[in-house]
1. For residue 24, put the label point 7 Å out on the Cα→Cβ axis and report which residues of region 48-70 keep their amide N under 19 Å from it.
2. Go ahead and collect, in residue order, the members of region 49-74 whose backbone nitrogen is under 14 Å from a label point 7 Å along the Cα-Cβ direction of residue 7.
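Please treat every number below as a calculation from the coordinates, not as lab data. Everything numeric here is computed off the predicted structure, so don't read it as measured data. We place every Cβ from the backbone using ideal geometry, glycine too, and count neighbours over all the protein chains shown.
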């Protein structure tokens, strides 16, 4: 997944999110990636926001909740080799 979306937060949704609604978050929707649908079905939600460390931060059921997740601004971690404390 990191090769596809990088090391930032990722929003999995059932339907495509317009780019202007999710400016700071990579999105993967079930229409373009069919494996997303069973994942969302198992959780009983319409969207899942993963943190950069790939733990679930939040889920959404309603369209309003999905829109709220799309607008969340989370930092993306720097790659270890770019960190000033990396030895």
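1. What the label zone holds, given the 19 Å backbone N cut-off, is 48-60, 65-70.
2. The answer is 52-54.
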